[in-house]
Amino acid sequence: MVKAILFDLDGTLIDTLADIAGAMNRTFASFDLPSQPLSVYVKLVGGGSKNMVETLVPGHLDKQKVFAHYLMDYEQHSLVETRAYPGVHEALRHFQQAGLKLAVVTNKHHQQAVSLLKSLFPDIHFHAVQGVVEGIAKKPHPQMADTVLAQIDCKAEQCLYVGDTITDMKTAQAAGIPSVYVRWGYGEGSLDGQAPDFEIAEISQLPVLVQAPSDQEGKTMTLLAKNKAVPDKSAIAEKLIPVMQSYLVAGEQDKFVGQGAALLLSQLHFFIEQALPLEFILPGFPCKSPNDVDKSFSVMPDYGEVRAIERLDEFAGQLNEIYPPGCRVTILSDGTTFSDVVCVSEENKEAYKKALRSLTVTENISWADLTALLAPVKDNAAALSSEAKRKALVNRVASGPRAFEKFVNKVKGDSEQARVHDKLCSYLYHDIHLERFSEGDRDSYLESISEKAYQMMYRGRALSAGIEQAYPHHIRLSVHQYDNAGPKFTFALTDHQQKSISPWHTVPVRLLNGQYLQLPHSLAKEKQLAKVTLGQDNWLYLEVPATEFSRYQYQVIKGPKFGLKISAPQGLGYEIFSAGFLQQLSEEFGFVVLTKAGFEQQEQLLDFCQPFGDIYQWEFGPVHVVRPKEKPDGFVHSIEKTPLHWDLSMLPAGDKYVEQNPRFAASTFMLYCQTPPAAGEGQTTLVDSRMALKIAGQEKVNLWRETDITYQTKMTYFGGVPRSYPLVFKHPKTGEDIFRYQEGSELEMQKFLLSSERLSGQAFDDFIKDVNAIAYDERCLVAHEWQAGDLVIIDNLYTLHGRLPMSEKSMARELWRVQCFN
């Protein structure tokens, strides 16, 4: 029976080759030595980095000094491109949950190995890690493996040793441990007659070996591994096709069915045959249209870009569910190629480009720009001016003093290309026609537009060629309308999209039904709208029920879309806002703040809350007055921190609603500030559940979904009995994943204890530490500074909340809380 698994690290659990080669080559450059290709390093990596130095560095140099330089460089750059192999993290979680002991035996420097494991597998507890240290012989000597066996208290025959090189197979044989050779690593299939006990092509085959009954050991177990059913690769590709088609914009004479699908199938097979992640590239997001009257909001990104980027990430996530090696989308955000043509300044172009990359959290998106296309031919591509980059780009496909002139003449002689030119003229006229001109200027203006259109075609051809050379196997997505016959496929950057639309030429509009549209600014302004800002930037439009709503100010509190602050004009209240509209907004933004709501009596608050649903009745009544007490019985009525939680999660035993539904909770609750705390303390903390799950990533979300946490605290007005919830479960109405977490507390006045049946000890502590780090990540956390009269409407399903500690200066802080459910 298998009780433990010993893993090699490089080439088995993680792909480190690019970072090792990079650090080694930078080291060699410092010592005036030639760099080496990856093919050299792949043959040496199994022996460890010191062995690389011994092999590659000539004898006249101080090899110890070279090695020390490498260690320092690698320590600073060890996680640039290093990643876990597809499916490895999930497999480790499976083994950990099954109770197996996990260990690592590597010829990597010991501290480097420990650091990488903590960074890449923070939720995995390795019972032993043995890297290169003084006094212990390296692999293939068995001493490292023997040391680990002693640490984990297992016999060799109770373990499996998993590795990717002949070094690993020799180590396993010398230590008497059954060996498993993996074909995805650096061994390149060459074992020089060193036959492993078992051989697998993908990590999903390893659990079969572990789970095989004891009477199926030996050859039968080997056959079970080698004959494991692998999903038919054509069947996988055919499952991917309809998902991809659902994200495309179909043209009037669309050719995807048949022609485009057949080409896409062949492109997918390139990746699937080699078990490589699917790679897509989308040129787009260059810069905002400078026409903020008819097209855009401003020169900076807005919520339209957020939605488009998140849709691309969602697209990749859908494919990941079907295809285990995964999927990545590279966005070639290149404003340089055309910025001078469309009259966008260098400053605005670079500001847009920089802002794009921090708009939202994505798991499957990479960013590139023109530098990526020029790097193979220009060593200093990043340092070039924009003009020099454009020149270098076009020179790759056509050079010479008359190259552009010849191109223009060719376009003029081709009727189809001439039509493209005319369309570009129309686009440029409407996109950059910002200033009035006299009739005498009209001809010269139109002539300049024609010249710009030819430049766009000329550079566009060079850009397309550059992409094909730099990304030869990537599947091409486009924001422009094609017939989807391939090789370019028109991607819908918004849902419900019927034609090619880009957020950099439009503004985002949220309709009353909750649907979003991207509309040219001139068309958007024909609707009844209220403008929403984020900081100093225009962010989106809300369609509102009547013109009076446009007089109010609307501000997103934290980008991209967490918290909406609404401020009434002088002399007006919030009577015109229906409960349905406010509830809709609180669900979408997580919470809504109405400033200066002005409730003088608790009855006024109750009247306001009544249309939101049934109001929960406590023994003390429907309104909970939250105010510090001199002798508090728990943290809620103290000046101490209140841990993160969701409301009504710890109802007393025997509550009638819990008996009907074990996951009963408020859907919405209101906090009204009667008396604010002292400035800078006692803020209510609010956590964006949706953003927290994005930060966690899909692998972690899958683990959280399977992990129940039991919460226990004493009885105050809540608590008294343990309650267990998974960290992630489905929203009862929308079916979306929601983050359900309650933070622990060690306060003597009220301990709030957490436990889990799946994890214990240090593994559970590390797990909760990771959850806390995500919950308090600044990208999903708001600390609301209370002002007298603030009314905060909080969606209790998409949001967690708590309170920061206060001093005695805030003893008068008083909030009124009402909890609604429906």
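Every number here is computed from the coordinates shown, using simple stated rules; none is lab data. The structure displayed is predicted, hence computed values, not measured ones. Here the Cβ is made from the backbone with ideal geometry for all residues, glycine too, and neighbour counts use every protein chain on show.
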Review point. Given the C-alpha centroids of segment 132-187 and segment 21-90, what is the distance between them in whole angstrom?
Key: 22 Å
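Let me check against my output: what whole-number percent is the relative contact order of segment 503-582, with C-alpha pairs under 8 Å and at least 6 apart? Walk me through the numbers on the way to the answer.
Values: 121 pairs, mean separation 17.0, N = 80.
It rounds to 21 percent for segment 503-582.
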**Study point:** Residues with amide H under 5 Å from that of Val721, placed H, sequence gap 5 or more
**Key:** Ala653, Thr713
Check your understanding: Tell me, what is the percent relative contact order of the chain, built from C-alpha pairs under 8 Å that lie six or more residues apart?
Key -> 11 percent
Exercise for review: Report, for segment 503-582, the % of DSSP beta bridges that are antiparallel, rounded to 5.
Suggested key: 75 percent
**Study point:** Dipole magnitude (debye, nearest 20) for segment 602-821, charges at Cβ of Lys, Arg, Asp, Glu
**Key:** 180 debye
Practice item. Quick one: which residues, 5 or more positions from Phe562 or on another chain, have an amide H under 5 Å from its amide H? H modelled 1.01 Å from N in the peptide plane, none for Pro or chain starts. Key: Ile557
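Highest mean first, how do 568-574, 706-712 rank when packing is the count of other Cβ atoms within 10 Å averaged over residues?
Working: 568-574: 11.1, 706-712: 17.6.
By packing density, highest mean first, the sequence is 706-712, 568-574.
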Check your understanding: Separation of segment 704-741 and segment 794-822 by C-alpha centroid, Å?
Key -> 19 Å
Practice item. Would you mind checking which residues have amide H under 5 Å from Leu747's amide H? H placed 1.01 Å from N; only 5 or more apart, or other chain. Key: Phe752
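Given the rule -39500 (n - 2.57) for each run of at least 4 DSSP H residues, summed and divided by the residues of the chain, what is its mean residue ellipticity at 222 nm, to the nearest 500 deg cm²/dmol?
-10500 deg cm²/dmol
Ranked highest first by the average count of other Cβ atoms within 10 Å around their residues, in what order do 365-374, 258-267 fall?
Order by mean packing, descending: 365-374, 258-267.
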Review point. So how do 726-738, 549-561 stack up, highest first, on mean other-Cβ count within 10 Å?
Key: 549-561, 726-738
Exercise for review: Go through Lys239/Lys488; Lys558/Lys769; Lys349/Lys527; Lys631/Lys714 and tell me which ones have a Cα-Cα distance over 18 Å in this structure.
Suggested key: Lys239/Lys488; Lys558/Lys769; Lys349/Lys527
Study note, to complete from the structure: Rounded to the nearest 5, the percent of DSSP beta bridges in the chain running antiparallel is 60 percent
Study note, to complete from the structure: Under the Karplus relation with 6.51, -1.76 and 1.60 and θ = phi - 60°, whole-Hz ³J(HN,Hα) for segment 543-557, x at Gly and Pro, equal 6, 10, x, 8, 5, 4, 5, 5, 7, 7, 9, 10, 9, 6, 7
Practice item. Could you tell me the distance between the Cα centroids of segment 240-273 and segment 555-634, to the nearest Å? Key: 49 Å
